[in-house]
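I have placed the structure first, in the form of structure tokens, so that the comments after it can refer back to it.
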Amino acid sequence: MLWADTDKFAKFKLTPVQGTLVKPPLIKECLANIECKVIDIVKSTTLLCWRRLPPHDTARKEKRTVHAVGDGTFIVDGARLTGRR
């Protein structure tokens, strides 16, 4: 199974939340969700140009952050998590 075919919500026990401006779900457990919209695709380089939409304001007690590294791994306050097999 490819990483692209993996249900990340199920694998990492995340809760999808309906976005207000775009179709893809937000993640309830995230400290902040930023909705973006593709405004241009440069096919010769597979470059996507995004426009950030207005941010969501969340009142959460949990303040740890998760950052995508881009190779199927994530960093949570310095601890590295992997979704690769």
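Tabulated data
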{"item": "Qualifying positions in region 1-36 - of a type in the set (A, V, I, L, M, F, W, C), in a loop (DSSP other than H, G, I, E, B) and under 20 Å from residue 71 (Cα atoms)", "result": "1, 2, 12, 14, 30"}
{"item": "Selected residue (only one of 17, 66 is at pLDDT 75 or above and surrounded by 10 or more Cβ atoms within 10 Å (Cβ to Cβ))", "result": "17"}
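The values are calculated or read from the model by the stated rules, or taken from the named source; none is laboratory data. Given the structure is predicted, the values throughout are model-derived calculations rather than measurements. All Cβ positions, even for glycine, are placed from backbone atoms using ideal geometry, and neighbour counts span all protein chains on display.
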